[in-house]
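Visitor: Below is a structure I'd like to ask you about.
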Amino acid sequence: MSEDYKAMWQSLGLDLAAHDQLLEVLGQGYQDIFLSQQARPEGMEYFNFVMSEVHGLRIKELIDGQAEGKKVVGSFCVFVPEEIVRATGATLVGLCTGADFATEEVDKYLPRNTCALIKSAFGFKLGKVCPYLESADMIVGENTCDGKKKSYETLNDLVPNLYVMDLPQMHTKEGKALLAAEYDRFKKAMEELTGVEITAERLKEGIAIVNNRRAAMHRLYKLRASDPAPISGLDALLINQVAFYDDPVRFTGSVNKLCDELEKRIAQGEGATAKGAPRLLFSGCPMAVPNWKLPWVVESAGAVVVGEESCVGERGTRNLTEASGETVEELMTAIVDRYWKIDCAVFTPNPERPEHIKQMAADYKAQGVIHYGLQFCQPYAMEAIPVEKKVEEGDLPVLRIDTDYSMEDAEQLKTRVEAFLEMIA
Ligand code: SF4
Ligand code: SF4
């Protein structure tokens, strides 16, 4: 990234030396994991560019937008309704939670047995290396798992602009009423932050922007059903990750352009991997940037990941928001209906999730499922056992993996993945 951004990073209060260190590690990791892949589609050039400017040009765009009055909202969860944010002209960005940083500092604020994702959010704040966090006008935390819920009490002392959204834990009538009330409260908070009144017309525009991006992602997911897979799981994950940062309209255009190319590849029998390569589905905790370890291990072993049952993946983008309503109330109800279907493991009971996993495995012709859990993540660890049982009843083997963001277990993971692939073969 260009030297030109130093003044911008400084004005955001970043620790330049630490930030340089982070960019160096990220750049090297990207080079080793992504740029070394064979037979990448040309359309990935766009995503390479976005990643090379993820702390540069994209931040500049956000800051330039702020100078024109456009607010930036940071979020940690796919339950934050983007349609409402877009309806005010503001931008929603996902906050990085995919790498360890400032771990000694983090240990002063959080118990050691906290999941890596929460620790990472704190590490990026305490290490002063995340320009998204520092440029956000509002940071939305959500009461999902206990770890997040309680850590927001601590985060509240570290950031000046935390907004906490309460979320239901049960799919009941009362739970849905809570979600509706919380989205209404969030709508008011967004109107207050931006000074923009959310009308039906504005809400429809917000819904269209987000739906178009989801539809492009659905198109990409379907193309991965081909054998050979036209795109690697690593690249598909990267696109899922970039969706949280990039301008949504530009991103949608780039994904559709890539899909045009992938359709041609499929027609010519070309793929990112060899025909007949073992096909795996990922399921479990979200993999935020730059968490690329497991797909890298899996694809280095000769398999291909054909889908992600994850919030950075299909759980996050599944289902469009119905846009036919004419009033703000009707459209808000449609938004609640759409998010109500997200089957995060924080819900109890959560019978839809194994069904979705089986459906996705069938749709993308997966031969096995890797259940990915982050160490100390109670909801996904607890749910992994019944999920495995239900999915294996359908004759689909499941490999349960619990890991963190360090590379210490990479060799051990490789051995387990290779054994799993042999078993599938
Ligand atoms: S896994 Fe649950 S808490 Fe995490 S982003 Fe998804 S919906 Fe939110
Ligand atoms: S990975 Fe698990 S423990 Fe960590 S924030 Fe997500 S739901 Fe909570």
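Visitor: Can you tell me the length gained on complete extension of the stretch D409 to Q359, counting 0.36 nm per residue apart and subtracting the Cα distance?
Guide: Here the segment from D409 to Q359 would lengthen by 14.9 nm.
Visitor: In nm, give the distance between the simple-model label positions of W340 and E393, each being 7 Å from the Cα along the Cα-to-Cβ direction.
Guide: Result: 2.6 nm between the two label points.
Visitor: Could you list L234, L23, L281 in order of exposure, starting from the residue whose Cβ has the fewest other Cβ atoms within 10 Å?
Guide: Numbers: L234 20, L23 17, L281 29.
Ordered from fewest to most neighbouring Cβ atoms within 10 Å, L234, L23, L281 come out as L23, L234, L281.
Visitor: Here's something else I'd like to know. At a 10 Å Cβ-Cβ cut-off, how would you order E142, E134, E352, fewest neighbours first? Working shown, then result.
Guide: Working: E142 22, E134 18, E352 14.
Least to most surrounded, the residues fall as E352, E134, E142.
Visitor: Cα to Cα, under 20 Å, and not fewer than 8 places away if on the same chain: which aspartates and glutamates meet these conditions relative to K358?
Guide: D227, E308, E309, E314, D343, E383, E388, E392, E393, D395
Visitor: What FRET efficiency comes out for the pair Q378/A267, r = Cβ-Cβ distance, R0 = 60 Å, nearest 0.05?
Guide: Efficiency, rounded to the nearest 0.05: 0.85.
Visitor: With n ≥ 4 as the cut-off for DSSP H runs, can you work out [θ] at 222 nm for the chain, using -39500 (n - 2.57) per run divided by the number of residues, rounded to the nearest 500? Write down the numbers at each step before the final one.
Guide: Numbers: 19 runs with 222 residues, N = 425.
Calculated from helices alone, the mean residue ellipticity at 222 nm is -16000 deg cm²/dmol.
Visitor: Which value, in debye to the nearest 20, describes the size of the charge dipole of the chain about its Cα centre when Lys and Arg Cβ atoms bear +1, Asp and Glu Cβ atoms bear -1, and nothing else is charged? Before the final figure, lay out the partial values.
Guide: Numbers: 46 positive and 66 negative charges, 118 e Å.
Here the size comes out at about 560 debye.
Visitor: Please report, in whole Å³, the volume per residue of the convex hull around the C-alpha atoms of segment 303-425.
Guide: Working: hull volume 15.7 nm³, N = 123.
Looking at segment 303-425, the number lands at 128 Å³ per residue.
Visitor: Just report the Cα centroid separation between segment 294-360 and segment 21-73, whole Å.
Guide: Here the two parts' Cα centres lie 25 Å apart.
Visitor: Go ahead and run the numbers for FRET between D260 and N156, Cβ-Cβ distance against an R0 of 41 Å, rounding to 0.05.
Guide: Working: r = 46 Å, r/R0 = 1.12.
The formula returns an efficiency of 0.35 here.
Visitor: Springs between alpha-carbon atoms under 10 Å, Gaussian network over the chain: tell me which of M217, M382, M190 tops the mean-square fluctuations.
Guide: Maximum among the listed residues: M382.
Visitor: With the convex hull built on the Cα atoms of the chain, state its orientation-averaged projected area in nm². Write down the numbers at each step before the final one.
Guide: Details: hull surface 76.8 nm².
If I average the Cα hull's projected area over directions, I get 19.2 nm².
Visitor: Under the rule that a partner needs its Cβ under 4.7 Å from the first Cβ, which Cys of the chain have none?
Guide: That list is C77, C96, C130, C145, C259, C285, C311, C344.
Visitor: Still on this structure, I have one more. Over the chain, what relative contact order in percent results from Cα pairs under 8 Å that are six or more residues apart?
Guide: Relative CO of the chain lands at 18 percent.
Visitor: Which order do the peptides 54-60, 415-421 come out in when sorted by mean C-beta neighbours inside 10 angstrom, highest first? Working shown, then result.
Guide: Numbers: 54-60: 19.7, 415-421: 16.9.
In descending order of packing, they fall as 54-60, 415-421.
Visitor: Continuing with this model, one more query. Under a point-charge model restricted to the Cβ atoms of Lys and Arg (+1) and Asp and Glu (-1), what is the dipole moment magnitude of segment 234-281 relative to its Cα centre, in debye to the nearest 20?
Guide: Working: 6 positive and 7 negative charges, 40 e Å.
Dipole magnitude for segment 234-281 comes out near 200 debye.
Visitor: Quick check on my link table: of K204/K341; K60/K187; K150/K173; K176/K365; K176/K204, which ones sit more than 24 Å apart, alpha carbon to alpha carbon? Can you show the working numbers first?
Guide: Values: K204/K341 20 Å; K60/K187 27 Å; K150/K173 26 Å; K176/K365 34 Å; K176/K204 22 Å.
As for pairs spanning more than 24 Å Cα to Cα, those are K60/K187; K150/K173; K176/K365.
Visitor: Here's a follow-up. Once you list every other residue whose beta carbon is under 10 Å from the beta carbon of S232, what net charge do they have if Lys and Arg are +1 and Asp and Glu are -1? Walk me through the intermediate numbers first.
Guide: Numbers: positive: R40, R224; negative: D235, E299.
Result for the local shell: 0.
Visitor: Report the FRET efficiency, 1/(1 + (r/R0)^6), for T333 and K60, where r is their Cβ-Cβ distance and R0 is 41 Å, rounded to 0.05.
Guide: Numbers: r = 38 Å, r/R0 = 0.92.
Computed FRET efficiency for T333 and K60: 0.60.
Visitor: If the chain between A215 and R250 were fully stretched, how many nm would it gain, using 0.36 nm times the residue separation less the Cα-Cα distance?
Guide: Working: separation 35, 0.36 × 35 = 12.60 nm, distance 1.39 nm.
Result: 11.2 nm gained on full extension.
Throughout, read-outs are computed from the coordinates displayed, never taken from laboratory work. None of the values given here were measured: they were computed from a predicted structure. Neighbour counts are summed over all protein chains in view; Cβ atoms, including those assigned to glycine, are modelled from backbone coordinates with ideal geometry.
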